[in-house]
There are 2 protein chains.
Amino acid sequence: MKKSTKISLSEKEIPRQWYNIVADMPNKPLPPLHPVTREPIGPDALAAVFPMELIKQEVSAERYIDIPDEVLDLYKVYRPSPMFRAVNLEKAIGTRSKIYYKYEGGNYSGSHKTNTAIAQAYYNKKEGIKRITTETGAGQWGSALSYACNHFGLELLVFMVRVSYTQKPGRKLLMNSYNAKVVPSPSTMTEAGRKILEKDPDSPGSLGIAISEAMEIAVQDPYTKYSLGSVLNHVCLHQTIIGQEALLQMEKAGDYPDVVIGCFGGGSNFSGIAFPFIRENIVNDRKTRFVTVEPSSCPKLTKGKFMYDFGDTAGMTPLLPMFTLGHNFVPEKIHAGGLRYHGAGVLVSQLLKDGFIEAKAKMQRECFEGGVLFARTEGILPAPESNYAIAGALDEARKADLEGISKTILFNLSGHGHFDISSYEKYFEGNLPDHEMTTAEVEATISKIELPD
Amino acid sequence: MKKSTKISLSEKEIPRQWYNIVADMPNKPLPPLHPVTREPIGPDALAAVFPMELIKQEVSAERYIDIPDEVLDLYKVYRPSPMFRAVNLEKAIGTRSKIYYKYEGGNYSGSHKTNTAIAQAYYNKKEGIKRITTETGAGQWGSALSYACNHFGLELLVFMVRVSYTQKPGRKLLMNSYNAKVVPSPSTMTEAGRKILEKDPDSPGSLGIAISEAMEIAVQDPYTKYSLGSVLNHVCLHQTIIGQEALLQMEKAGDYPDVVIGCFGGGSNFSGIAFPFIRENIVNDRKTRFVTVEPSSCPKLTKGKFMYDFGDTAGMTPLLPMFTLGHNFVPEKIHAGGLRYHGAGVLVSQLLKDGFIEAKAKMQRECFEGGVLFARTEGILPAPESNYAIAGALDEARKADLEGISKTILFNLSGHGHFDISSYEKYFEGNLPDHEMTTAEVEATISKIELPD
């Protein structure tokens with residue numbers, strides 16, 4: 001019998017700690033700044049928004065942080081997640097490279113977001129919080145947090161970017177199934193939302209706007225906190241369970257990746273798979289390359305500017321040092337799937353600046369082509385977001401073939417596309433247009449950034 | 001740390017053989033008959049429709065049949081499937097019973113149908129077949145066979161019951177993603193379809209009609225065969241991988257079911273989980289009860305008649321001894337989800353007749369209520385079909401509580417509901433009406449059965 005293409009771990013091999021890359025970064029990230037004083041803010045400044053345990057994780061320099069038993073219990077239901085060698089995909093493109101993928105779609109809500117949703121809901125519950133507000137774009141994050149909040153008995157209010165709310169009723173209904181209240185954003189529930197609607201009643205919304213709305217509600221009540229699904233250090237921390245498992249799985253496969261690839265929105269799935277391998281580069285002198293793949297219509301890492309900017313449109317967050325398209329950025333409506341946030345997480349931004357990782361942008365049609373090829377060969381219909389990672393992996397394999405070499409490629413298949421079938425329909429019908437944001441357009445949006453004097 | 005609620009098996013524990021219950025049945029099933037001569041038909045009569053290896057399995061009396069390596073290789077990608085103890089569901093209803101479920105939705109196409117789809121595609125490919133035709137109702141079977149045919153390089157033509165084709169574009173698109181051609185049935189492609197459309201241009205279709213269409217195409221070409229997703233002996237055989245794994249998992253859990261429950265359409269998911277446990281009753285004197293749960297709108301086991309009837313509407317199949325509502329049965333449009341076939345598989349029919357299993361029918365709203373409770377407690381959004389099994393399990397737990405006893409309940413969670421979100425939407429909006437087919441209505445449909453003289 002052939003060797004299985006699945007590389008499994010036993011329940012006992014689930015890592016018991018999250019990995020915090022800050023401990024190993026040669027250049028530590030710059031501090032968040034108060035928007036008016038421009039002084040570094042302390043943990044207390046975040047207390048209105050997040051529970052204290054998550055704030056501690058946000059600013060921690062400890063290398064490893066224990067995963068609480070209650071979180072591990074829920075991880076055990078769907079973790080360890082499987083890794084596969086994509087032999088059928090390899091055969092289809094005739095590559096001599098080896099392609100591996102870690103599959104994070106096999107849980108309740110169908111994406112890696114579950115890993116941090118469980119942790120965030122747990123810490124909020126533990127500190128007596130009754131209600132959480134959040135934003136969601138394509139809906140993976142909202143679904144994951146809905147499941148987790150419902151499990152821990154927390155109310156959840158989700159501001160869903162309006163264009164997705166309209167185009168993806170499936171995700172909204174999944175959130176409803178998990179007891180969450182879902183509101184299209186911009187909404188009239190908040191000052192931030194009303195301001196946007198006054199200027200543009202047809203605003204398709206953006207993650208930046210939805211974050212402003214969710215934060216505005218959260219700060220009004222001490223028993224309500226806000227929760228973010230990507231970007232922040234503690235979110236990336238929770239996702240490192242992916243890469244730590246992947247390290248063990250590559251060892252079981254008797255292999256090691258030459259390149260690790262993740263799609264890129266705010267950075268959480270990429271950080272999750274990459275950070276533990278980046279540590280191997282730093283500490284054990286490995287030479288793996290790390291590649292983020294973002295949409296050409298939202299090119300923050302490839303064309304954005306490294307600067308202090310707000311994390312949300314209304315300017316409620318501290319100023320964060322990151323690659324950004326400007327906090328007023330509104331992505332084109334034609335863009336399918338997530339990965340639409342205007343900025344990149346602080347850790348990834350610093351690592352990109354320091355040359356630890358590479359960034360590339362791709363058009364969506366080519367990514368869907370890769371996703372359909374993947375479904376036809378490997379059997380899993382990928383989330384539109386994950387298609388960017390697939391396309392990145394195919395690029396690496398083809399490049400290696402042209403160079404006459406064989407590479408070991410690992411990518412993160414961050415979620416399934418069961419609720420994104422309307423995007424696939426558009427693709428099959430030839431109605432999925434490409435869009436590339438030009439450098440001039442990026443400069444124009446960045447020049448519009450207004451920071452407080 | 002708490003004990004995990006997941007009961008896992010290792011890859012090595014995947015059963016290497018399917019279990020054939022015919023070997024252990026005290027009363028063997030009656031033979032299929034030629035519709036005109038009323039003589040038992042031999043295997044050759046099926047050769048125009050199925051490959052020889054599947055025909056051999058259909059009529060086999062061997063207790064165990066080896067699973068080919070090529071099939072096992074694909075099983076290994078998603079098997080063993082997990083079993084869970086539903087502790088959160090138990091807590092929510094405050095039962096003293098223990099509820100376990102086997103989850104078959106964690107594979108490519110999201111249901112147990114994958115188990116037989118892989119096997120059927122494999123045997124067809126091995127015998128040089130180029131193209132397969134099939135029917136699908138809600139779309140689980142069509143999706144599973146699309147994946148499997150694409151994997152083995154076979155063309156697939158799917159006749160999809162029109163009402164589902166219209167209501168569930170997601171399933172159609174998933175099949176397209178796997179390269180299959182999908183046609184709404186009744187269609188104008190076949191004589192059988194045209195006849196129906198002449199009488200009723202707005203026919204919502206039925207599985208019986210779709211089977212007739214698929215068979216009509218298959219018999220016209222020696223390199224085209226037909227494939228069925230439930231009902232037949234070889235289909236139930238392939239599904240026994242579920243119950244055999246479940247036996248091992250119950251042993252690991254240090255428990256044994258007092259009752260085993262499956263939803264019921266043609267019988268494949270129920271047979272899959274139940275047959276290996278029924279063997280334990282027969283051979284090892286276990287006292288487990290076996291309960292099928294079918295929709296009140298399609299009550300073949302609870303109100304149908306045990307008789308010889310056709311498996312399809314046009315009368316192309318042999319006559320089969322089964323519980324049936326009559327091969328002209330067309331289910332009410334309001335019914336959500338699958339489980340709409342007019343007849344029951346021959347093996348299950350005989351076992352019901354002989355008192356090995358119990359049958360019950362339930363209204364769909366109560367089943368959806370159970371499904372939403374399940375999603376909110378256990379985290380998985382179930383297929384509408386699986387909701388019937390959940391509702392059956394809840395009934396058993398509540399009955400035991402009333403009796404002041406604790407039972408060990410095992411049910412088959414046959415699939416996820418990611419592509420059935422429109423049915424949940426109707427449920428949440430209060431637009432999912434109940435319907436019960438009365439005994440008089442059943443008698444009326446059965447009296448219309450026309451068998452050849």
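Here are a few things to note about the model shown:
- Spans of helices (runs of 4 or more DSSP H) in the stretch B:229-348 with at least 3 residues open to solvent by 10 Å² or more (accessible area, probe 1.4 Å) and either out of contact with any helix residue (DSSP H, G or I) (no Cβ under 7 Å at 6 or more places or on another chain) or hydroxyl-bearing (Ser, Thr, Tyr) (or both): B:268-284
Yes or no, residue by residue, for (1) out of contact with any His (no Cβ under 9 Å at 6 or more places or on another chain); (2) within 14 Å of another protein chain (Cβ to nearest Cβ); (3) of a type in the set (Val, Ile, Thr):
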{"residue": "B:Pro321", "(1), (2), (3)": "yes, no, no"}
{"residue": "B:Leu325", "(1), (2), (3)": "no, no, no"}
{"residue": "B:Asn328", "(1), (2), (3)": "no, no, no"}
{"residue": "B:Tyr341", "(1), (2), (3)": "yes, no, no"}
{"residue": "B:Leu347", "(1), (2), (3)": "yes, no, no"}
{"residue": "B:Ala359", "(1), (2), (3)": "yes, no, no"}
{"residue": "B:Arg365", "(1), (2), (3)": "yes, no, no"}
{"residue": "B:Gly371", "(1), (2), (3)": "yes, yes, no"}
{"residue": "B:Arg376", "(1), (2), (3)": "no, yes, no"}
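- Considering the conditions (1) more than 23 Å from the chain's Cα centre (by Cα); (2) open to solvent by 30 Å² or more (accessible area, probe 1.4 Å); (3) within 14 Å of another protein chain (Cβ to nearest Cβ), B:Gly94 is excluded by exactly one of them, (3).
- Residue match in the stretch A:400-410 (condition: part of a helix (DSSP H, G or I) and either in contact (Cβ under 8 Å) with a residue 40 or more places away in the chain or outside the structural domain of A:Lys102 (by TED's automatic domain parsing) (or both)): yes
- Among the residues listed as B:Glu53, B:Glu62, the single one being out of contact with any Gly (no Cβ under 7 Å at 6 or more places or on another chain), open to solvent by 10 Å² or more (accessible area, probe 1.4 Å), more than 14 Å from every other protein chain (Cβ to nearest Cβ) and in a loop (DSSP other than H, G, I, E, B): B:Glu62
- Tally of residues being open to solvent by 10 Å² or more (accessible area, probe 1.4 Å), among the aliphatic types (A, V, I, L, M) and outside any helix (DSSP H, G or I) across the stretch B:140-171: 2
- Remark: pairs (first residue in the stretch B:364-393, over 21 Å from B:Tyr341 (Cβ atoms) and open to solvent by less than 10 Å² (accessible area, probe 1.4 Å); second residue among the charged types (D, E, K, R) and at pLDDT 95 or above; Cβ separation under 8 Å; 6+ apart in sequence or on different chains) are absent.
- Filtered by the rule that a residue be farther than 15 Å from B:Ser297 by Cβ and of a type in the set (D, E, K, R), the stretch B:409-453 gives B:Asp420, B:Glu425, B:Glu429, B:Glu443, B:Lys448, B:Glu450, B:Asp453.
- Cβ-Cβ contacts under 8 Å between residues 6 or more apart (or on different chains), taken from a first residue in the stretch B:107-119 that is without any contact (Cβ under 8 Å) to a residue 40 or more places away in the chain to a second residue that is assigned to a loop (DSSP other than H, G, I, E, B) and hydrophobic (A, V, I, L, M, F, W, C), are listed as B:Tyr108/A:Ile380.
- Selection of the stretch A:327-350 for residues being within 19 Å of A:Ser212 (Cβ to Cβ) and of a type in the set (S, T, N, Q) yields only A:Asn328.
- A:Gly110 being within 10 Å of chain B (Cβ to nearest Cβ), among the small types (Gly, Ala, Ser), surrounded by 22 or more Cβ atoms within 10 Å (Cβ to Cβ) and under 22 Å from A:Thr136 (Cβ atoms): yes
- Filter pass, B:Tyr100 being within 20 Å of B:Asp73 (Cα to Cα), open to solvent by less than 20 Å² (accessible area, probe 1.4 Å) and either out of contact with any strand residue (DSSP E or B) (no Cβ under 8 Å at 6 or more places or on another chain) or not in a helix (DSSP H, G or I) (or both): no
The values are calculated or read from the model by the stated rules, or taken from the named source; none is laboratory data. Remember, it's a predicted structure, so these values are computed and weren't measured experimentally. Ideal geometry is used to build each Cβ from the backbone, glycine not excepted, and the neighbour counts take in all protein chains shown. Keep in mind that these areas ignore ligands, DNA and RNA; they rest on the heavy atoms of the full protein, side chains included. Shrake-Rupley method; radii C 1.70, N 1.55, O 1.52, S 1.80 Å.
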